[in-house]
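Below you'll find the structure, written out as C-alpha cells, and then a few comments.
The values are calculated or read from the model by the stated rules, or taken from the named source; none is laboratory data. Please read all numbers here as calculations on a predicted model, not as lab measurements. Glycine also receives a Cβ, built like all others from the backbone with ideal geometry; neighbour counts cover every protein chain displayed. Protein only, heavy atoms only, side chains kept; ligands, DNA and RNA dropped before computing areas. Shrake-Rupley method; radii C 1.70, N 1.55, O 1.52, S 1.80 Å.
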Amino acid sequence: MKRLLLVEDDEKFGSILASILKKSYHIQMVSTIKEAIEKIIFEDIDYICCDYHLSDGNALELLESIRNRKICIPTVIMSADLDGGIRRDAKLYGVVDVLGKSDSEFLSKLKILLMPDA
C-alpha cells in the first residue's frame, strides 16, 4: 500500500480526510512543516497532501526544504483560500495540483490526483 503524508493543522479536517483516504493509502499525519520534514527524511513517503497555511509556515516552504535535500515526492496542496499567487508559485515547485478545500468536488479530485497504482 502506498504511503501518503497528510500535513494538516486542522485536526478535525485532517482526521476526516485521513479516515477517507486510509482505504487506499497508509496514512501518516502531521501538523507542522518540522514534523513533515522528519517523516520525509526518515520514512518512505510516496505522496504528500499538504495544507497551504500551517502554523510554522506554508506548503511552499516545505517543498523548498525537501527540494534542497534532493527529495522529489508528488505533492497536492490544499487550501481554504486560494488565490492565483498560490497556484502560480506552486507550479514552480512542480506541485501536482492545488485544490480548494471548499470546492464541492475536492474529494473526488484529490482521489484522482493521488490514485494509487493498480
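General observations
- Taking the numbered list (1) within 17 Å of K2 (Cα to Cα); (2) open to solvent by less than 50 Å² (accessible area, probe 1.4 Å); (3) among the polar types (S, T, N, Q); (4) assigned to a helix (DSSP H, G or I) in turn, S65 passes all entries but (1).
- Selection count, segment 14-38, where residues are surrounded by 13 or more Cβ atoms within 10 Å (Cβ to Cβ), out of contact with any helix residue (DSSP H, G or I) (no Cβ under 8 Å at 6 or more places or on another chain) and part of a loop (DSSP other than H, G, I, E, B): 3
- Residue check for S108: of a type in the set (S, T, N, Q) and open to solvent by 70 Å² or more (accessible area, probe 1.4 Å): no
- Segment 79-90, subset assigned to a helix (DSSP H, G or I) and touching a residue at least 12 places away in the same chain (Cβ under 8 Å), residue nearest to I40 (Cα to Cα): A90
- Consider segment 54-78 and keep the residues that are in contact (Cβ under 8 Å) with a residue 12 or more places away in the chain, out of contact with any strand residue (DSSP E or B) (no Cβ under 9 Å at 6 or more places or on another chain) and not polar (S, T, N, Q). The one that is nearest to S104 (Cα to Cα) is G57.
- Qualifying position, being in contact with a Lys or Arg (Cβ under 8 Å, 6 or more places away or on another chain), of a type outside the set (D, E), in contact (Cβ under 8 Å) with a residue 12 or more places away in the chain and open to solvent by 50 Å² or more (accessible area, probe 1.4 Å), among I45, I41: I41
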